[in-house]
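Here is the structure we will look at.
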Amino acid sequence: MIETYKKPLRVTLNNLYENNVVYDSRPSYEDNPWLKAEEDQSNFLTAREMIISKMPMIVHEACLTEKVKNLLNIVGEEIPENLYTFKDKATYESLIQNITQNDKKIFFQYIHGEHLCNDSKYAIYKPKFIDLNNKTKISQWTGGKYLPKREIVEITDYEERIKSWTLPLVIKPGDDLPTAGGYGVMICYNDKDLQQAHNRIKEAQGTKQVIIEQFIEEEANYCVQYAYSKQTGIQYLGAVKQLTDKYGFYNGNINAKDVPQSVIDAGYEIMQNGVNYGYQGVSGFDLLVDKHGEVFAIDLNFRQNGSTSMLLLKDRLKEGFHKFLSYHSKDDNTHFYQTIETYIKNGSLYPLSYYDGDWYGKDKVKSRFSGIWHAETKEEALKLEEAFLKELGNI
């Protein structure tokens, strides 16, 4: 085992919840026009927090093969024994119903239909969890501060109200359905972008409201994270800088140093408001800073996200630069796996999860991997990642 991995975790999810709580990070199989994740991508998500969890979790079987065991063993980790496993939609939905019939509750990353789970069986009571993550109610958790100019409009009034806004602008869904990774957030720079947004809104059956929001020219895009339990109170876990393209689609995170105190304080205030409402667990808030140093809250996630593992594992990573990202194979799953294994063994890549596409049959499904690059400098880490991608044939 490599020396840098021996340091203990400070926080794991299991010490934030009661003993009867099971963790589930998979989006529901039910249709959601604002979160069109592939089935394999959704299954892959079930193991992303496995190392930091140490609590009962629902995990797809393709995330628990011998290949996964080997990658984790390199860094001194093991597949936990307290897992609930599934294979497909039928076994997944049956599993949820069986778990909640046995005096247990589930912490869902994403809400599920009432036919699968009673509201009271959510670790955070479902109506409250919906409120906390509903983009139309963000002002409730910010206390009316840190907000871009925004307008919540009925779908029937949208086309008329949008005429009073000037480009660029941002359009977001204003309902209870979850979004992730920038999907569902429509940044419009020109008339073509605006028309594409119009088309998506028309296709989103069931959505009754949308949010029209001021576009912020950011100097920095932070995700600040906090954890809360009754025993510990609110803990600041740290912050990352989010990597997105011009349209807001997520491209990973890097660790953030010298985070402005104004950002940390704003996030703490938001977390406190959520806790006062009944939230317990980890939260990540997307806060932008503009050229004037003003802080804007553009999205609040009262749940774990892609950067949570990197923050909770920082004591196991090399001091310096950290980057979280996920990758998938092109065609050859064996080559993909062997390349990942090489970089983990040389101590530059820390594994979080591996979705073994060969579980379905040789190269029938593309394998996926999420991990953290860690090196003394940004230049060194990015050079390693570039070499990794070249070996995979991705660049």
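For the reader, a short list of remarks on this structure follows.
- Candidates Thr244, Thr308, Thr46: whichever shows maximal mean-square fluctuation once the chain is modelled as a Gaussian network with Cα springs under 10 Å: Thr244
- Heavy-atom accessible surface of the range 2-132: percent carbon and sulfur, 1.4 Å: 43 percent
- Förster radius 30 Å - calculated FRET efficiency between Asn73 and Asn19, Cβ distance, rounded to 0.05: 0.65
- Crossing angle, helix 191-203 versus the chain [Cα axis fit, 0-90 degrees, rounded to tens]: 80 degrees
- Cα extents for the range 150-214 along the principal axes, largest to smallest and rounded to whole angstrom: 27, 26, 21.
- Of the accessible area of the range 254-293, computed with a 1.4 Å probe over protein heavy atoms only, carbon and sulfur atoms account for 46 percent.
- Axis angle, to the nearest 10 degrees, between helix 89-100 and the longest C-alpha principal axis of the chain: 80 degrees.
- Where labels lie 7 Å past Cα in the beta-carbon direction, separation of Ile234 and Glu294 in nm: 2.3 nm
- Working note: 222 nm ellipticity from helices only, DSSP H runs with n ≥ 4, each -39,500 (n - 2.57), summed and divided by the residues of the chain, gives -8500 deg cm²/dmol to the nearest 500.
- Full-extension gain in nm, Gln140 to Lys128, via 0.36 nm per residue minus C-alpha separation: 3.1 nm
- Stretching Thr342 away from His198 to a fully extended chain increases their span by 47.2 nm, per 0.36 nm per residue minus the current alpha-carbon distance.
- The charge dipole of the chain, taken about the Cα centre with unit charges on the Cβ atoms of Lys, Arg (+1) and Asp, Glu (-1), comes to about 520 debye, rounded to the nearest 20.
- Against the main long axis of the alpha-carbon atoms of the chain, helix 333-345 sits at an angle near 80°.
- Build a GNM of the chain with springs between Cα atoms under 10 Å apart, and of Asp88, Asp157, Asp315 the one that fluctuates most is Asp157.
- Summed side-chain charge close to Glu18 - residues other than Glu18 whose Cβ falls under 12 Å, Lys, Arg +1, Asp, Glu -1: +2
- Normalised by residue number, the volume inside the convex hull of the Cα atoms of the range 56-106 is 72 Å³ per residue.
- Rg/Rg_globular for the chain, with Rg_globular taken as 2.2 N^0.38 Å and Rg from C-alpha atoms: 0.97
- Gain on full stretching of the segment that runs from Asn190 to Lys87 - 0.36 nm per residue minus C-alpha separation: 32.7 nm
- Carbon + sulfur, % of accessible area of the range 318-392 - ligands and nucleic acids excluded, 1.4 Å: 50 percent
- Accessible area (Å², per residue) of the chain, counting only protein heavy atoms and a probe of 1.4 Å: 44 Å²
The values are calculated or read from the model by the stated rules, or taken from the named source; none is laboratory data. Keep in mind that this is a model prediction, so the values were computed, not measured. Glycine gets a Cβ as well: all are built from the backbone with ideal geometry, and neighbour counts include every protein chain shown. For the accessible areas, the whole protein counts, side chains as well, though only heavy atoms, and no ligand, DNA or RNA atoms are used. Shrake-Rupley method; radii C 1.70, N 1.55, O 1.52, S 1.80 Å.
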